[in-house]
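K.L.:
The following block contains the structure, expressed as structure tokens.
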């Protein structure tokens, strides 16, 4: 093997370990349990006005508890949205202060991003934060070590709505359901990554996500009921 080929393989292995959402090579992250009746709806990049509020209405309509990984700088701007999410009974986690790709940031910045986001959330909510999702899924051993030192459990995903860009409810639903069926065939729960906000700024349009979530929850309930089963909407707490 040439040195160039070896370098390409090494780079590919590093990218897989640090970016692939189900990889455990750099350290354990919560993805999903072996229970295909479990569905976790997780939302990144909020809080976001007004769509986080609209999403809360949909979740309340279906009596579903979800998880929100929030960007600290937006929490500082709109703490009342974070408090509304907590008051509705949802789980809230750390999604860093400014949403950098931690895989390529120095350890000092990684620790600062996590600490600052924790501080923003704890100031807004008055409670400790125990969950963390790295932006883009990017992590390496020292990122996970910094999270553990702050009492944070890292959470990744095994289904993605691809809803951070302009799209349609049909496309979001199709993406999530495709992964849901694959996960179920393998005997796993589904941990769905969706977005109630966007890293660029407040005010991102997430109406497509909200409509898709409304439809998917009802579809899951109906499909499981036809089989005489019940789907259980959970948070990552159920899998540790």
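The values are calculated or read from the model by the stated rules, or taken from the named source; none is laboratory data. Remember, it's a predicted structure, so these values are computed and weren't measured experimentally. Every residue, glycine among them, receives a Cβ derived from its backbone with ideal geometry; neighbour counts consider all protein chains shown.
K.L.:
For segment 195-222, which residues satisfy the criterion of being within 20 Å of residue 136 (Cα to Cα) and buried (at least 21 other Cβ atoms within 10 Å of the Cβ)?
P.N.:
Within segment 195-222, 195, 196, 197, 198, 206, 209 qualify.
Yes/no per residue for (1) closer than 20 Å to residue 45 by Cα; (2) part of a loop (DSSP other than H, G, I, E, B):
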site: 139; (1), (2): yes, yes
site: 148; (1), (2): no, no
site: 151; (1), (2): no, yes
site: 165; (1), (2): yes, yes
site: 172; (1), (2): yes, no
site: 182; (1), (2): no, no
site: 202; (1), (2): yes, yes
site: 215; (1), (2): no, no
site: 221; (1), (2): no, no
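K.L.:
Would you confirm whether any residue within segment 144-156 is under 24 Å from residue 51 (Cα atoms) and within 19 Å of the chain's Cα centre (by Cα)?
P.N.:
Yes: segment 144-156 contains one or more residues that are under 24 Å from residue 51 (Cα atoms) and within 19 Å of the chain's Cα centre (by Cα).
K.L.:
While we're here: If only one of 142, 214, 163 is under 18 Å from residue 96 (Cα atoms) and in contact with a helix residue (DSSP H, G or I) (Cβ under 6 Å, 6 or more places away or on another chain), which one is it?
P.N.:
Just one listed residue meets the conditions, 142.
K.L.:
Of (1) at pLDDT 95 or above; (2) closer than 20 Å to residue 238 by Cβ; (3) surrounded by 15 or more Cβ atoms within 10 Å (Cβ to Cβ), residue 34 satisfies all except one. Which?
P.N.:
So the condition that residue 34 fails would be (3).
K.L.:
Count, please, the residues in segment 51-73 that happen to be in contact (Cβ under 8 Å) with a residue 24 or more places away in the chain and out of contact with any helix residue (DSSP H, G or I) (no Cβ under 8 Å at 6 or more places or on another chain).
P.N.:
2
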